[in-house]
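The values are calculated or read from the model by the stated rules, or taken from the named source; none is laboratory data. No experiment lies behind these values; they were computed from the predicted model shown. FYI the Cβ positions are ideal-geometry reconstructions off the backbone, even for glycines, and counts take in every protein chain you see. Note: areas computed on protein heavy atoms with side chains; ligands, DNA, RNA excluded. Shrake-Rupley method; radii C 1.70, N 1.55, O 1.52, S 1.80 Å.
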Amino acid sequence: QLVESGGGLVQPGGSLRLSCAASGFTLDYYSIGWFRQAPGKEREGVACISSSDSSTYYASSVKGRFTISRDGAKNTVSLQMNSLKPEDTALYYCAVHRGSVQPMCVTNLYYYWGQGTQVTVSS
């Protein structure tokens with residue numbers, strides 16, 4: 001099971017930290033991604049981290065503002081989001097792929113998904 005948390009309402013320029021907690025399996029063996037879907041738009045990959053070497057991928061729209069990281073002891077993956085913009089408003093999901101996956105952050109290559117957490121950026 002994957003459970004996301006940490007979403008909420010934040011003003012533009014603010015920060016949020018999302019967390020994805022796994023139960024029943026160890027995230028160390030999985031490539032993990034954060035994806036988002038805004039109303040009327042397709043789901044898109046935002047930030048992903050590889051199982052093998054912890055290499056990362058970021059969508060161009062979030063590069064330099066978002067950071068994905070693992071915590072093996074807690075069996076979680078986090079997404080630190082800074083300098084948030086209204087266009088970051090979406091339902092955010094974490095998803096996994098066992099082992100390495102290329103290319104990274106392609107939605108249909110991740111096969112186990114959480115339920116999502118809402119992020120709203122608004123003044």
| query | Residue check: is SER61 surrounded by 12 or more Cβ atoms within 10 Å (Cβ to Cβ), under 20 Å from SER122 (Cα atoms) and touching a helix residue (DSSP H, G or I) at 6+ places or on another chain (Cβ under 8 Å)? | reply | yes
| If the Cβ limit is 9 Å and pairs must be 6+ apart or interchain, which residue in the stretch 81-94 that is under 16 Å from TRP34 (Cα atoms) and modelled with pLDDT of 95 or more pairs with which residue that is of a type in the set (Asp, Glu) and open to solvent by less than 40 Å² (accessible area, probe 1.4 Å)? | MET81/ASP88; TYR92/GLU4; TYR93/GLU4; CYS94/GLU4
| note | Subset of the stretch 6-27, residues surrounded by fewer than 15 Cβ atoms within 10 Å (Cβ to Cβ) and under 15 Å from the mean Cα position of the chain (by Cα), comes to GLY8, SER15, ARG17
| task | Within the stretch 65-76, identify whether any single residue is closer than 30 Å to SER123 by Cβ, open to solvent by 60 Å² or more (accessible area, probe 1.4 Å) and of a type in the set (Val, Ile, Thr), and answer yes or no. | result | yes
| field | Unique residue being over 18 Å from THR76 (Cβ atoms) and in contact (Cβ under 8 Å) with a residue 12 or more places away in the chain when the list is ARG43, ARG17 | value | ARG43
